[in-house]
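Structure first, commentary second.
What follows is calculated from the coordinates using simple rules that are stated; it is not laboratory data. Keep in mind the model is a prediction, meaning the values are calculated, not measured. Heads up, the Cβs are rebuilt from the backbone with ideal geometry, glycines too, and the neighbour counts pull from every protein chain shown.
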Amino acid sequence: MKPRLRALLLHGMGNGPSWWDPFMPLLRELGVTACALTLPDLETHGPQAWVDTVGQHHGSSPTVLIGHSLGAAAALRAAVTYRVCSVIAIAMPASAQTSVPAIPPSVAFSATALARIALFIREVSELSLPEYVIDRVCLIGEHDSWVDEAALEGRGFRRVVAKNTGHEVNESFEGREALAKCIAGLSVAAAALDPAVRLLTTAAGVALDELGLGPAAPPPARLDLEITSRCQLRCKYCARTLYGRDRGGGDMTPALFIKALDSCAIRGEVVFVGLGEPLLHPGCAGFVARAHARGARTWMVTNGLAADAEMLLRLRDAGLDELTFSVDAAKEELFARLRDGASLEKVKEHIAAACHLVSTSLFTTLSRENVEGLSALIDLAGSFGLPALTVTDLNFPENRHNACAAAPEALSIDSAVRRARESGILLLGPHIHDFSSVKAGLRYCLVNSHDDIIRRSTRHTHCLAPWRIAVVDAQGNVTPCNCAPDTVAGNIMQQSFDTIWNGEIMREWRTAMCDNRNERCRSCPRY
């Protein structure tokens, strides 16, 4: 059996093991077994004790040492001491002179401790690196003034720059992508990592075929079920409206629901979502209970109109894990215009009640019409005591001219990001849906600027939906994703799910994504 790649993570001064939290979901998806070391107190023990800690955890399986700032210097010293061939040094001070500004002002060291740190950094900067340290990678924040890049490159370090970041590269989307690029380029990675691993972020510059993404897909980890195609609303940018499906509709039968659960054999997550409003299905709570009984995490997305007290109690008793309300404006007039037939006051009343009964979250689709109101939506989330607001730009080709990506007003997102930080609310982007666990992906998907929402790529860089999410509508049709309701790959009442999942239409859809010729996907923020 191929050994997994181990990573020992060393934080910097003034930080702790939690500094690595934003990277953990990415490392898991890469197939890396990561251990964020708890390092001894610098004042009492000095930085050499950090090197000794590495020795206590170093094993026989392929290992890479990844350190930040002073932790990077300790990682390099440990690599030489314990004959480790791979080191990724993040924001490593190259000499004692550059180390002083890197000490957080909130950390008080004695003169003795400071001297130990400065001498240790100088010693490492002069350390002769043996040939067995094959992988020498330095990850540098584009705006980090504390790192001497020339000194590192002169010692044989391969340089990777994290755009739009400073010394604390864990705070940015670009920093996390850059670390993925560093790991993917290690010589030990090819031998230790599973070649079929599916990356969360492929924007690290690694070819998709090297990551195991191709025409075929493993069994899905998530099932998206449209249990009804009926809805009370005619939302302006919804596929029901765009494709003329806003009249009539039908409910998924209990037999079809069981068939979907049996066919897809999902043990991870079942999401009740689609073109219809799931709470309109008379057997909605019963369906949740059946999925819950199979050990799946159950999640529902609703417009909120039918989420009254009685319904919420039924969902709670059925075992619903999370209820997401889709809310696109914090003012009644705009809300009603975007969601024809909806009442913001009624939805707010139902959100307030839900917060006391089930895990509750808010989801917002931004457009040129409501992007200026993002700060107000953040305040709305805060008024319910919710820790996060998930936002996405418009998708579907028909909506391109109304998307934030095409609007200069999108720069107002930056002020909303600041508002979220001040309010202690996490602003999350659309890539959260590419995680096998929403909770695991929270910090990785933080929105740090308008670019995290409006960015579009000319090549496939993120979305894993056709590889990990099975989408079944109310009639049993399987589609490549929720954003392609008019592309039917097969029907589970007429064919086996396995035949559909890796059949001609699904394989062609995935191939077109990998070849960057899937025009439907180009308008999607997740692509």
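In straight Cα distance, which aspartates and glutamates are under 20 Å from LYS259, not counting same-chain residues fewer than 8 positions off?
ASP224, GLU226, ASP251, GLU269, ASP473, ASP498
Mind checking the angle between helix 284-293 and the chain's longest principal axis? C-alpha axes, 0 to 90 degrees, to the nearest 10.
With both axes taken from Cα atoms, the answer is about 40 degrees.
Where a Cα-Cα gap under 15 Å defines reach, which aspartates and glutamates qualify for LYS346, not counting those fewer than 8 residues away within the same chain?
ASP308, GLU310, ASP328, GLU332, GLU333
Using helices alone, what [θ] at 222 nm do you get for the chain, with -39,500 (n - 2.57) per DSSP H run of 4 or more residues, divided over all residues and rounded to the nearest 500?
So the helix-based figure for the chain works out to -9000 deg cm²/dmol.
I'd like the Kirkwood hydrodynamic radius of the stretch 215-309, using the inverse of the mean 1/r over distinct C-alpha pairs, in Å.
14.1
Rg/Rh for the chain: what does it come to with C-alpha atoms and Rh from Kirkwood?
1.01
Normalising by the residue count of the chain, find the relative contact order in percent from Cα pairs under 8 Å and 6+ residues apart.
Taking the mean separation of contacting Cα pairs over the length of the chain, I get 12 percent.
What FRET efficiency would be calculated for the residue pair ALA336, ARG418, taking the C-beta separation as r and a Förster radius of 25 Å, to the nearest 0.05?
According to the calculation, E is roughly 0.30.
Within a Cβ distance under 11 Å of LEU320, other residues only, what is the Lys/Arg minus Asp/Glu net charge?
That sum, taken over residues with Cβ under 11 Å, equals 0.
Taking every pair of Cα atoms in the stretch 305-366, average 1/r, invert it to obtain the Kirkwood radius, and report Rg/Rh to two decimals.
Across the stretch 305-366, the Cα-based Rg/Rh ratio is 0.99.
What percent antiparallel are the DSSP beta bridges of the chain, to the nearest 5?
On the way: 8 of 60 bridges.
Around 15 percent of the beta bridges assigned by DSSP in the chain are antiparallel ones.
Dimensions of the stretch 133-183 along principal axes (Cα, Å, largest first)?
The Cα atoms of the stretch 133-183 stretch 28, 24, 12 Å along their principal axes.
Residues with beta-carbon under 11 Å from that of ASN395, excluding ASN395: net charge, scoring Lys, Arg +1 and Asp, Glu -1?
For residues surrounding ASN395, the net value is +3.
So how tilted is helix 254-264 from the main axis of the chain? Cα-based, degrees 0 to 90, rounded to 10.
30
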